[in-house]
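S.K.: Questions regarding the structure given below will be posed in turn.
The values are calculated or read from the model by the stated rules, or taken from the named source; none is laboratory data. Note that the structure is predicted; figures quoted are calculated from it, not measured. Every residue, glycine as well, gets a Cβ built from its backbone with ideal geometry; the counts of neighbours run over all protein chains shown. Each accessible area value is taken on the protein alone, full model and side chains, heavy atoms only, with ligands, DNA and RNA left out. Shrake-Rupley method; radii C 1.70, N 1.55, O 1.52, S 1.80 Å.
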Number of protein chains: 2
Amino acid sequence: METVSEKRCFEGTQGVYRHASRATGTEMTFGLYLPPGPGPHPVLWFLAGLTCTHENAMVKAAAQLHAAEAGLALVFPDTSPRGEGVADDEAFDMGQGAGFYVDATEEPWAPHFKMWSYIADELPELLSAEFPLEMGRQGITGHSMGGHGALTLGMGLKGRFASLSAFAPICQPTQSDWGRKQFTGYLGADESKWLAHDATHLMETEGFEGEVLVDTGAADEWGEGLLRSSALGGAMAKRGQPGAFRMQAGYDHSYFFVQSFIGEHIAFHAEHLW
Amino acid sequence: METVSEKRCFEGTQGVYRHASRATGTEMTFGLYLPPGPGPHPVLWFLAGLTCTHENAMVKAAAQLHAAEAGLALVFPDTSPRGEGVADDEAFDMGQGAGFYVDATEEPWAPHFKMWSYIADELPELLSAEFPLEMGRQGITGHSMGGHGALTLGMGLKGRFASLSAFAPICQPTQSDWGRKQFTGYLGADESKWLAHDATHLMETEGFEGEVLVDTGAADEWGEGLLRSSALGGAMAKRGQPGAFRMQAGYDHSYFFVQSFIGEHIAFHAEHLW
């Protein structure tokens, strides 16, 4: 593992690191914020959305102030493998920058697009080995495609995460143009293989052991058609899932929305992680 | 004036606006954060550094949370005129993105590089006409080249600003490679014309009526050679300037440094503006 940069931030350290990934077969870069103190620190994952790298949320979510106060480390993974030998697509919502947090089984994506394994297995191992983190206390959140990732990893990896939240998540990708094209490409035409990656299906069938907090802007420019917020909100209500599904009046899909509520989300996670 | 975008942020509005500037003879773009409530709101200017547009501090300084709480509007101007007909230089620290907050008198810069007049006169008039702002209550801050701008406008426009702060400012441009080249280009070889734009000279001869707060990272990678922090720190001490000149251990020049202290700066300004 190589240190790209380490910058002091709220008396902690905002680092960027690069490593050769077994899962993706590429170099992967991630951001890690360590709060003040020697640790070990509980860990909050932030999965980013379409077109993002490790950098977007790290720079634009204004999360470090709250993480420093709450004593949580923040992990900012990349959203896909990258590089010249890695498959890509001209669309912004497919290929590099759009891994959708699945392990691709279909060509040309299968050789490198293994983001589920990378986030679920490889990166936690690396973090545990290299940094003063309390991997027994993890929470997960994310934005848009990363909200989809947080919800599916959070519900899919039972017992892994003590707290789960999301900002403007893609809630039902199996029924959305943000999902059907990508799952067809990455996972193939057999839609039964998609269900493990559909947050609404997981909520209907499994739920989450702890509380779930979801915030979505009522003025989100991508809207119900792509996010399908009503499906997840309805499923949470039907299950009686502890937590809150909130629509926030006037807010759009941007990081100005995310930063407006990141403090509440980090406080929510800290409550379950400490 | 044209609205480029308006996004809800901490129950206020982060806007971006564009207008034809008389001062620069170009289209100019600026960001304006309006906190919740009808106003009129006191105004805090944030002048950005080399290579920045209106966007950098608006996205990366994590200032809106604090401004919303303090009830201050934030203005994020661009750092120079831009466009095809505007002079430029290959260096990142000269020309477009590097206006140094002066009115250029020399060719090829004189036709458009009028950032002093733009910030001091034209943009305040526009803001006053278009937004619910209390222009009798203004503070100013900035980062790096923008810290230089904040200090020189703050001390140069007597009575305009009730509060003055800076992050890692260029403190003595007349003696720095961040200043001598630019002032020669923009203002000509007569160094006496540079002095109105040298914060250390202004501190030695004028000072500021109120308190001044300066934070600079002790691990700033540009360091004493370019910033010349010791000159301004010494001048503040010699004058007995009310306020604080602080070196912050471990912090570098980045916006991770700025966001770590922006809360204290906004609280400082709010104390003087409310």
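S.K.: To check you understand DSSP bridge types, tell me what percent of the beta bridges within region A:31-166 (both residues inside) are antiparallel, rounded to 5. Spell out each step's value before the answer.
M.R.: On the way: 5 of 16 bridges.
So the antiparallel bridges amount to about 30 percent of the total.
S.K.: On average, how many beta carbons from a partner chain sit within 10 Å of the beta carbon of a residue in A:253-265?
M.R.: Shielding by partners across A:253-265 averages 4.
S.K.: Within 10 Å of each Cβ in B:244-252, how many Cβ atoms from other chains are there, averaged over the peptide? Don't jump to the answer; show the numbers that get you there.
M.R.: Working: counts 0, 0, 0, 0, 2, 2, 5, 4, 5.
Taking the mean over all residues of the peptide, I get 2.
S.K.: Mind listing the label-point distances from B:ALA20 to the same position on all other copies, shortest first, one decimal in nm, points 7 Å along Cα→Cβ?
M.R.: Relative to the other copies, B:ALA20 has label-point distances of 6.0 nm.
S.K.: Sorted by average packing, counted as other Cβ atoms within 10 angstrom per residue and highest first, what order do B:235-245, B:108-118, A:230-240 take? Please list the in-between numbers first.
M.R.: Working: B:235-245: 15.5, B:108-118: 21.5, A:230-240: 17.1.
Per-residue Cβ counts within 10 Å, averaged per peptide and sorted highest first, yield B:108-118, A:230-240, B:235-245.
S.K.: For region B:189-231, what size does the Cα cloud have along each of its three principal axes, sorted from largest down, in whole Å?
M.R.: 33, 32, 11
S.K.: Projected area of chain B, taken from the Cα convex hull and averaged over every viewing direction, in nm²?
M.R.: 12.7
S.K.: 7 Å along Cα→Cβ for the label point: how many nanometres lie between B:HIS272 and each equivalent label in the other copies, listed shortest first?
M.R.: Its label point is 4.5 nm from the equivalent points in the other copies.
S.K.: What average count of beta carbons from other chains do you get within 10 Å of the Cβ of residues in A:4-14? Write out the running numbers ahead of the final one.
M.R.: Numbers: counts 0, 3, 2, 11, 12, 10, 6, 5, 2, 2, 4.
That works out to 5 on average.
S.K.: How large, in percent, is the carbon and sulfur part of the accessible surface of region A:116-274 at a probe radius of 1.4 Å?
M.R.: Values: 2790 of 5510 Å².
Of the solvent-accessible surface of region A:116-274, carbon and sulfur hold 51 percent.
S.K.: Can you say what percent of the DSSP beta bridges in the protein assembly as shown, counting only those with both residues inside, are antiparallel? Round to 5.
M.R.: 50
S.K.: State, as an integer percentage, the relative contact order of region A:138-210 based on alpha-carbon contacts under 8 Å between residues 6 or more apart.
M.R.: 33
S.K.: Same structure, new question: Quick check: Cα centre of region A:175-242 to Cα centre of region A:64-131, how many Å?
M.R.: Region A:175-242 and region A:64-131 have Cα centres separated by 19 Å.
S.K.: Follow-up question, since we're still on this one. Normalising by the residue count of chain A, find the relative contact order in percent from Cα pairs under 8 Å and 6+ residues apart. If you can, show how the numbers build up before the last one.
M.R.: Values: 645 pairs, mean separation 47.9, N = 274.
That works out to 17 percent.
S.K.: Further, regarding this structure: For the rotation taking chain B to chain A, which residue of B has the Cβ nearest the axis, and how many Å away is it?
M.R.: Axis relating chain B to chain A; nearest Cβ residue and distance: B:ALA62, 2.
S.K.: Out of every Cα-Cα pair in the protein assembly as shown, what percent are more than 37 Å apart?
M.R.: The proportion of pairs with Cα distances above 37 Å equals 36 percent.
S.K.: Find every distance from the label point of A:GLY240 to the corresponding label point in the other copies (7 Å from Cα along Cα→Cβ) and write them in nm, one decimal, shortest first.
M.R.: Taking the point 7 Å beyond Cα along Cα→Cβ, the inter-copy spacings are 7.3 nm.
S.K.: A further question on this structure: Provide the net charge surrounding A:LEU157, with neighbours chosen by a C-beta distance below 12 Å and charges set as Lys +1, Arg +1, Asp -1, Glu -1. The partial results should precede the final answer.
M.R.: On the way: positive: A:LYS158, A:ARG160; negative: A:ASP121, A:GLU206, A:GLU209.
Within the 12 Å Cβ shell, the charges total -1.
S.K.: Now for a separate question. For region B:2-273, what is the percent of antiparallel DSSP beta bridges, rounded to the nearest 5?
M.R.: Bridges in region B:2-273 that DSSP calls antiparallel: roughly 50 percent.
S.K.: Counting Lys +1, Arg +1, Asp -1, Glu -1, what net charge surrounds A:ASP103 among other residues with beta carbon under 11 Å of its beta carbon?
M.R.: 0
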